[in-house]
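Chemist: Okay, here's the structure, questions in a sec.
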Amino acid sequence: MPFPLSPRTPSGPRRRTLLASAAGVAFLTGCSGGPEDSGATGGSPSVTDRARARAARDSSGLVDEYDAVMAVHPALAERLRPLRDETARHAEAFGDTMAKASPTVSASSSAPSPAPPSVPSSEKDSLARLAGAERALADRRAEALLDLPGELARLLASVAAAGAAHAYLLTEGER
């Protein structure tokens, strides 16, 4: 006699729900570098500028990590490219103009680049490392947004939520 399927729904959100939520948050808050309302909320331009530059640098570093993993593990490229491209858009939203560059390493780049991140030899370890980087960055951004003025805080919150969704998507196959 076959066992009936459990009436319980799977625990946790589905991938489509997370993607739709992240897209909705990004749409509602806007992933663009708009004018700051730093004067109205007490944040000084230097604090805002430093936070924006740090966020752009962090997103660009994460783009570099995605690129390195895709170079070492080409089979993961199709899975990682949408996450990498969204992370590049985050860097652009914070003012970085270099993150959108092609995901393949370009030898014709005129700017000196830092040493590429080391990549674990197994795909599973590489995905876990990317997920950990996304999670850690999302946590740092969630903390930092408390000290920032309105528009930048909303942008940082949106990008932190997207990073948390990325971490989930990167670890989804482990369950």
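Chemist: Quick one: is Pro116 open to solvent by less than 50 Å² (accessible area, probe 1.4 Å), part of a loop (DSSP other than H, G, I, E, B) and at pLDDT below 95?
Modeler: In short, no.
Chemist: Looking at Ala165, Ala153, Ala142, which is the one that is in a helix (DSSP H, G or I) and modelled with pLDDT of 95 or more?
Modeler: None of the other options fit; the residue is Ala165.
Chemist: Is it the case that Ala93 is at pLDDT below 95 and open to solvent by 20 Å² or more (accessible area, probe 1.4 Å)?
Modeler: For Ala93, the condition - at pLDDT below 95 and open to solvent by 20 Å² or more (accessible area, probe 1.4 Å) - is not met.
Chemist: Within region 70-80, is even one residue at pLDDT 90 or above, touching a Lys or Arg at 6+ places or on another chain (Cβ under 8 Å), in a helix (DSSP H, G or I) and buried (at least 22 other Cβ atoms within 10 Å of the Cβ)?
Modeler: Yes, because at least one residue in region 70-80 is at pLDDT 90 or above, touching a Lys or Arg at 6+ places or on another chain (Cβ under 8 Å), in a helix (DSSP H, G or I) and buried (at least 22 other Cβ atoms within 10 Å of the Cβ).
The values are calculated or read from the model by the stated rules, or taken from the named source; none is laboratory data. Owing to the predicted nature of the structure, the values given are computational and were not obtained by experimental measurement. Quick reminder, even Gly has a Cβ in these numbers, built from the backbone with ideal geometry, and neighbours come from all protein chains shown. For the accessible areas, the whole protein counts, side chains as well, though only heavy atoms, and no ligand, DNA or RNA atoms are used. Shrake-Rupley method; radii C 1.70, N 1.55, O 1.52, S 1.80 Å.
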